[in-house]
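Here the structure is laid out as C-alpha coordinates; the discussion comes afterwards.
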Ligand SMILES: C[S@@+](CC[C@H](N)C(=O)[O-])C[C@H]1O[C@@H](n2cnc3c(N)ncnc32)[C@H](O)[C@@H]1O
(Lines give C-alpha, C1' and ligand atoms only; values in the text may rest on other atoms or scores of the structure.)
Protein backbone atom coordinates (compact mmCIF):
# COMPACT_ATOMS: atom_id res chain seq x y z
CA UNK A 1 0.00 0.00 0.00
CA UNK A 2 1.52 3.39 -1.06
CA UNK A 3 1.79 6.28 1.36
CA UNK A 4 -1.20 8.20 -0.04
CA UNK A 5 -3.26 5.03 0.37
CA UNK A 6 -1.97 4.73 3.94
CA UNK A 7 -3.13 8.25 4.58
CA UNK A 8 -6.55 7.59 3.06
CA UNK A 9 -6.93 4.39 5.08
CA UNK A 10 -5.96 6.19 8.29
CA UNK A 11 -8.49 8.92 7.52
CA UNK A 12 -11.16 6.30 6.89
CA UNK A 13 -10.42 4.70 10.26
CA UNK A 14 -10.51 8.06 12.03
CA UNK A 15 -13.97 8.67 10.58
CA UNK A 16 -15.22 5.16 11.32
CA UNK A 17 -13.99 5.22 14.93
CA UNK A 18 -14.97 8.81 15.66
CA UNK A 19 -18.03 7.71 17.61
CA UNK A 20 -15.80 5.98 20.15
CA UNK A 21 -14.11 9.26 21.02
CA UNK A 22 -17.51 10.88 21.65
CA UNK A 23 -18.59 7.95 23.81
CA UNK A 24 -15.44 8.10 25.94
CA UNK A 25 -16.14 11.77 26.59
CA UNK A 26 -19.82 11.17 27.37
CA UNK A 27 -19.14 8.15 29.60
CA UNK A 28 -16.37 9.84 31.62
CA UNK A 29 -18.66 12.85 32.19
CA UNK A 30 -21.65 10.72 33.10
CA UNK A 31 -19.61 8.64 35.57
CA UNK A 32 -18.26 11.83 37.16
CA UNK A 33 -14.57 11.04 36.56
CA UNK A 34 -13.54 14.69 36.04
CA UNK A 35 -15.53 15.93 39.06
CA UNK A 36 -13.97 13.27 41.28
CA UNK A 37 -10.45 14.22 40.18
CA UNK A 38 -11.22 17.93 40.62
CA UNK A 39 -12.36 17.35 44.22
CA UNK A 40 -9.44 15.08 45.16
CA UNK A 41 -6.50 16.66 47.02
CA UNK A 42 -4.07 15.13 44.50
CA UNK A 43 -3.84 12.66 41.59
CA UNK A 44 -5.74 9.39 42.14
CA UNK A 45 -4.91 5.81 41.19
CA UNK A 46 -7.27 3.43 39.38
CA UNK A 47 -8.63 1.84 42.57
CA UNK A 48 -9.53 5.24 44.07
CA UNK A 49 -11.22 6.43 40.86
CA UNK A 50 -13.11 3.14 40.44
CA UNK A 51 -14.36 3.34 44.04
CA UNK A 52 -15.25 7.03 43.68
CA UNK A 53 -17.32 6.57 40.52
CA UNK A 54 -18.65 3.13 41.58
CA UNK A 55 -17.35 1.27 38.56
CA UNK A 56 -15.25 -1.83 37.91
CA UNK A 57 -11.49 -1.45 38.31
CA UNK A 58 -10.82 -3.01 34.91
CA UNK A 59 -13.29 -0.81 33.03
CA UNK A 60 -12.12 2.30 34.89
CA UNK A 61 -8.49 1.64 34.03
CA UNK A 62 -9.30 1.31 30.33
CA UNK A 63 -11.41 4.48 30.39
CA UNK A 64 -8.74 6.48 32.22
CA UNK A 65 -6.01 5.40 29.81
CA UNK A 66 -8.12 6.33 26.79
CA UNK A 67 -8.79 9.72 28.40
CA UNK A 68 -5.03 10.18 28.72
CA UNK A 69 -4.53 9.42 25.03
CA UNK A 70 -7.28 11.96 24.19
CA UNK A 71 -5.57 14.60 26.40
CA UNK A 72 -8.54 14.68 28.76
CA UNK A 73 -6.37 13.41 31.63
CA UNK A 74 -2.70 13.38 32.61
CA UNK A 75 -0.96 10.40 34.14
CA UNK A 76 2.18 10.10 36.23
CA UNK A 77 3.78 6.92 37.53
CA UNK A 78 4.99 6.61 41.14
CA UNK A 79 6.34 3.36 42.57
CA UNK A 80 5.13 1.51 39.48
CA UNK A 81 1.55 2.79 39.95
CA UNK A 82 -0.34 5.18 37.64
CA UNK A 83 -1.94 8.31 39.11
CA UNK A 84 -4.42 10.42 37.12
CA UNK A 85 -5.39 14.10 37.20
CA UNK A 86 -7.37 16.50 35.02
CA UNK A 87 -5.83 18.49 32.16
CA UNK A 88 -6.56 22.17 31.64
CA UNK A 89 -9.25 21.23 29.09
CA UNK A 90 -11.09 18.92 31.47
CA UNK A 91 -10.77 21.33 34.43
CA UNK A 92 -12.22 24.17 32.37
CA UNK A 93 -14.99 22.36 30.49
CA UNK A 94 -15.67 18.95 32.03
CA UNK A 95 -16.09 19.65 35.75
CA UNK A 96 -19.48 20.80 36.99
CA UNK A 97 -17.95 23.41 39.32
CA UNK A 98 -16.20 25.28 36.50
CA UNK A 99 -17.97 28.48 35.33
CA UNK A 100 -17.36 27.29 31.76
CA UNK A 101 -18.57 23.71 32.39
CA UNK A 102 -20.10 21.95 29.38
CA UNK A 103 -21.25 18.88 31.35
CA UNK A 104 -24.99 19.33 30.78
CA UNK A 105 -24.42 19.91 27.06
CA UNK A 106 -22.36 16.72 26.83
CA UNK A 107 -24.99 14.77 28.75
CA UNK A 108 -27.67 16.10 26.41
CA UNK A 109 -25.57 15.16 23.39
CA UNK A 110 -24.84 11.70 24.78
CA UNK A 111 -28.40 10.87 25.80
CA UNK A 112 -30.35 12.63 23.06
CA UNK A 113 -28.43 13.80 19.97
CA UNK A 114 -26.19 10.74 19.82
CA UNK A 115 -29.09 8.34 19.95
CA UNK A 116 -30.96 10.18 17.18
CA UNK A 117 -27.83 10.21 15.01
CA UNK A 118 -27.88 6.41 15.23
CA UNK A 119 -30.87 6.61 12.86
CA UNK A 120 -29.22 8.95 10.36
CA UNK A 121 -29.75 6.74 7.29
CA UNK A 122 -33.49 6.51 8.09
CA UNK A 123 -33.64 10.26 8.68
CA UNK A 124 -32.16 10.86 5.23
CA UNK A 125 -34.46 8.27 3.61
CA UNK A 126 -37.58 9.72 5.21
CA UNK A 127 -36.58 13.39 5.37
CA UNK A 128 -37.60 13.78 9.02
CA UNK A 129 -36.12 13.62 12.49
CA UNK A 130 -36.04 10.30 14.32
CA UNK A 131 -37.38 11.19 17.77
CA UNK A 132 -40.32 8.82 17.36
CA UNK A 133 -38.06 5.85 16.60
CA UNK A 134 -35.51 6.80 19.24
CA UNK A 135 -37.70 7.85 22.15
CA UNK A 136 -41.24 6.91 21.11
CA UNK A 137 -42.23 10.58 21.14
CA UNK A 138 -43.97 11.97 18.03
CA UNK A 139 -41.86 14.84 16.83
CA UNK A 140 -43.90 17.06 14.55
CA UNK A 141 -42.57 19.78 16.80
CA UNK A 142 -38.91 19.37 17.62
CA UNK A 143 -39.22 20.81 21.11
CA UNK A 144 -42.01 18.43 22.10
CA UNK A 145 -39.43 15.69 21.69
CA UNK A 146 -36.50 17.53 23.26
CA UNK A 147 -38.71 18.39 26.26
CA UNK A 148 -40.08 14.84 26.57
CA UNK A 149 -39.76 14.99 30.36
CA UNK A 150 -39.19 17.70 32.97
CA UNK A 151 -35.69 16.38 33.54
CA UNK A 152 -34.83 16.55 29.85
CA UNK A 153 -36.20 20.09 29.61
CA UNK A 154 -34.10 21.25 32.54
CA UNK A 155 -31.02 19.54 31.15
CA UNK A 156 -31.45 21.18 27.74
CA UNK A 157 -31.90 24.60 29.36
CA UNK A 158 -28.78 24.09 31.46
CA UNK A 159 -26.90 22.96 28.37
CA UNK A 160 -27.71 26.22 26.57
CA UNK A 161 -26.62 28.22 29.62
CA UNK A 162 -23.28 26.46 29.37
CA UNK A 163 -22.84 27.20 25.70
CA UNK A 164 -23.48 30.90 26.24
CA UNK A 165 -21.12 31.01 29.21
CA UNK A 166 -18.38 30.43 26.64
CA UNK A 167 -19.77 32.01 23.44
CA UNK A 168 -22.29 34.61 24.59
CA UNK A 169 -19.94 37.56 24.80
CA UNK A 170 -18.53 37.16 21.28
CA UNK A 171 -22.02 36.76 19.79
CA UNK A 172 -23.38 39.83 21.57
CA UNK A 173 -20.45 42.04 20.68
CA UNK A 174 -20.47 41.09 16.99
CA UNK A 175 -22.77 44.12 16.59
CA UNK A 176 -23.10 47.21 18.74
CA UNK A 177 -26.46 46.71 20.49
CA UNK A 178 -26.03 49.68 22.82
CA UNK A 179 -28.39 51.76 20.66
CA UNK A 180 -31.29 49.43 21.59
CA UNK A 181 -32.70 50.13 25.06
CA UNK A 182 -35.42 47.45 24.71
CA UNK A 183 -34.79 43.96 23.40
CA UNK A 184 -36.65 40.68 23.15
CA UNK A 185 -34.95 37.30 23.08
CA UNK A 186 -37.51 35.27 21.19
CA UNK A 187 -37.20 31.66 22.37
CA UNK A 188 -34.79 32.92 25.02
CA UNK A 189 -34.80 29.77 27.18
CA UNK A 190 -33.53 30.34 30.71
CA UNK A 191 -32.28 33.82 29.82
CA UNK A 192 -28.56 33.06 29.60
CA UNK A 193 -28.06 35.32 26.60
CA UNK A 194 -30.20 38.01 28.21
CA UNK A 195 -27.98 37.96 31.32
CA UNK A 196 -24.86 38.23 29.21
CA UNK A 197 -26.49 41.07 27.31
CA UNK A 198 -27.24 42.88 30.57
CA UNK A 199 -23.63 42.72 31.64
CA UNK A 200 -22.49 44.13 28.29
CA UNK A 201 -25.26 46.72 27.87
CA UNK A 202 -26.32 47.53 31.45
CA UNK A 203 -28.82 50.20 30.45
CA UNK A 204 -31.13 47.97 28.42
CA UNK A 205 -34.30 46.09 29.36
CA UNK A 206 -34.83 42.61 27.94
CA UNK A 207 -37.92 40.46 27.54
CA UNK A 208 -37.24 36.74 27.35
CA UNK A 209 -40.09 35.06 25.48
CA UNK A 210 -40.55 31.28 25.59
CA UNK A 211 -43.20 28.60 26.00
CA UNK A 212 -44.86 28.51 29.45
CA UNK A 213 -43.10 25.33 30.66
CA UNK A 214 -39.70 26.83 29.91
CA UNK A 215 -40.51 30.10 31.66
CA UNK A 216 -41.72 28.20 34.75
CA UNK A 217 -38.57 26.07 34.79
CA UNK A 218 -36.38 29.14 34.36
CA UNK A 219 -38.01 30.86 37.32
CA UNK A 220 -37.80 27.76 39.48
CA UNK A 221 -34.26 26.61 38.74
CA UNK A 222 -32.20 29.57 37.52
CA UNK A 223 -31.23 32.52 39.69
CA UNK A 224 -31.61 36.11 38.53
CA UNK A 225 -30.05 39.18 40.06
CA UNK A 226 -31.16 41.24 37.06
CA UNK A 227 -34.91 40.83 37.75
CA UNK A 228 -35.50 44.55 37.34
CA UNK A 229 -34.26 44.49 33.77
CA UNK A 230 -35.11 40.97 32.56
CA UNK A 231 -38.77 40.18 32.16
CA UNK A 232 -40.03 36.67 31.29
CA UNK A 233 -43.09 36.31 29.07
CA UNK A 234 -44.90 33.04 28.36
CA UNK A 235 -46.32 32.34 24.92
CA UNK A 236 -46.02 30.43 21.68
CA UNK A 237 -44.72 32.03 18.52
CA UNK A 238 -45.29 31.00 14.92
CA UNK A 239 -43.53 32.16 11.81
CA UNK A 240 -45.77 33.57 9.09
CA UNK A 241 -45.65 35.74 5.97
CA UNK A 242 -45.56 39.50 6.21
CA UNK A 243 -49.14 40.19 5.12
CA UNK A 244 -50.73 37.93 7.71
CA UNK A 245 -48.51 39.29 10.41
CA UNK A 246 -49.45 42.87 9.69
CA UNK A 247 -53.15 42.09 9.60
CA UNK A 248 -52.94 40.29 12.94
CA UNK A 249 -50.89 43.14 14.32
CA UNK A 250 -53.60 45.60 13.44
CA UNK A 251 -56.06 43.62 15.53
CA UNK A 252 -53.95 44.51 18.49
CA UNK A 253 -53.61 40.99 19.86
CA UNK A 254 -50.21 40.30 18.50
CA UNK A 255 -46.83 41.82 18.84
CA UNK A 256 -44.56 42.23 15.89
CA UNK A 257 -40.97 41.08 15.84
CA UNK A 258 -38.58 40.31 13.02
CA UNK A 259 -37.19 41.64 9.78
CA UNK A 260 -38.92 42.67 6.55
CA UNK A 261 -38.70 39.31 4.82
CA UNK A 262 -39.35 36.87 7.59
CA UNK A 263 -41.59 38.41 10.14
CA UNK A 264 -42.72 36.60 13.22
CA UNK A 265 -45.58 37.19 15.51
CA UNK A 266 -46.59 35.63 18.73
CA UNK A 267 -49.44 35.63 21.12
CA UNK A 268 -48.62 36.31 24.70
CA UNK A 269 -50.42 34.32 27.37
CA UNK A 270 -50.03 37.22 29.73
CA UNK A 271 -50.12 40.98 29.53
CA UNK A 272 -49.31 42.90 26.35
CA UNK A 273 -45.95 44.51 25.82
CA UNK A 274 -46.30 47.36 23.34
CA UNK A 275 -42.68 48.37 23.90
CA UNK A 276 -41.50 45.13 22.28
CA UNK A 277 -41.70 46.41 18.74
CA UNK A 278 -38.42 48.23 19.33
CA UNK A 279 -36.00 45.45 18.47
CA UNK A 280 -35.59 41.73 18.75
CA UNK A 281 -33.04 39.05 18.13
CA UNK A 282 -33.52 35.33 18.34
C1 LIG B 1 -32.42 26.33 20.43
S2 LIG B 1 -33.32 26.94 21.82
C3 LIG B 1 -32.50 28.48 22.07
C4 LIG B 1 -32.71 29.04 23.43
C5 LIG B 1 -32.00 30.35 23.70
N6 LIG B 1 -32.29 31.35 22.69
C7 LIG B 1 -30.52 30.10 23.76
O8 LIG B 1 -29.85 30.27 22.77
O9 LIG B 1 -30.04 29.70 24.83
C10 LIG B 1 -34.83 27.48 21.13
C11 LIG B 1 -35.77 28.03 22.17
O12 LIG B 1 -36.98 28.39 21.52
C13 LIG B 1 -38.09 27.98 22.31
N14 LIG B 1 -39.21 27.73 21.41
C15 LIG B 1 -39.30 26.80 20.44
N16 LIG B 1 -40.49 26.89 19.80
C17 LIG B 1 -41.16 27.91 20.39
C18 LIG B 1 -42.45 28.50 20.17
N19 LIG B 1 -43.23 28.05 19.20
N20 LIG B 1 -42.82 29.54 20.94
C21 LIG B 1 -42.01 30.00 21.93
N22 LIG B 1 -40.76 29.48 22.18
C23 LIG B 1 -40.36 28.46 21.41
C24 LIG B 1 -37.60 26.70 22.99
O25 LIG B 1 -38.33 26.41 24.17
C26 LIG B 1 -36.13 27.06 23.25
O27 LIG B 1 -35.95 27.64 24.52
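The values are calculated or read from the model by the stated rules, or taken from the named source; none is laboratory data. Model, not experiment: these values are computed from the prediction. Glycine also receives a Cβ, built like all others from the backbone with ideal geometry; neighbour counts cover every protein chain displayed.
Observations
Table: residues versus (1) in contact with a strand residue (DSSP E or B) (Cβ under 6 Å, 6 or more places away or on another chain); (2) over 27 Å from residue 116 (Cα atoms).
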position: 130; (1), (2): no, no
position: 142; (1), (2): no, no
position: 153; (1), (2): no, no
position: 160; (1), (2): no, no
position: 182; (1), (2): yes, yes
position: 188; (1), (2): yes, no
position: 205; (1), (2): yes, yes
position: 214; (1), (2): no, no
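- Contact map, region 140-152: residues that are modelled with pLDDT under 80 paired with residues that are surrounded by 10 or more Cβ atoms within 10 Å (Cβ to Cβ) and not in a helix (DSSP H, G or I), Cβ distance under 8 Å, separation 6+ or inter-chain. Pairs shown: 142/129.
- One residue from 228, 213 being at pLDDT below 90 and closer than 27 Å to residue 167 by Cβ: 228
- Among the residues of region 113-126, just one is within 29 Å of residue 221 (Cα to Cα) and either within 14 Å of the ligand (Cβ to nearest atom) or in a loop (DSSP other than H, G, I, E, B) (or both), namely 113.
- Selected residue (criterion: farthest from residue 173 (Cα to Cα)) from residues of region 223-238 that are in contact with a helix residue (DSSP H, G or I) (Cβ under 7 Å, 6 or more places away or on another chain) and more than 10 Å from the ligand (Cβ to nearest atom): 232
- The residue that is nearest to the ligand (Cβ to nearest atom), among those in region 182-197 that are part of a helix (DSSP H, G or I) and closer than 12 Å to residue 231 by Cα, is 194.
- One residue stands out in region 127-176 among those that are touching a helix residue (DSSP H, G or I) at 6+ places or on another chain (Cβ under 7 Å) and not in a helix (DSSP H, G or I): the one that is nearest to residue 218 (Cα to Cα), namely 147.
- Residue check for residue 207: under 19 Å from residue 160 (Cα atoms), away from the ligand (no atom under 12 Å from the Cβ) and either in a strand (DSSP E or B) or in contact with a helix residue (DSSP H, G or I) (Cβ under 7 Å, 6 or more places away or on another chain) (or both): yes
- Qualifying residue in region 5-23 (condition: closer than 17 Å to residue 91 by Cβ and under 30 Å from the mean Cα position of the chain (by Cα)): no
- As a summary of the residue check, residue 32 satisfies the conditions (1) surrounded by fewer than 19 Cβ atoms within 10 Å (Cβ to Cβ); (2) under 17 Å from residue 87 (Cβ atoms) except for the one numbered (1).
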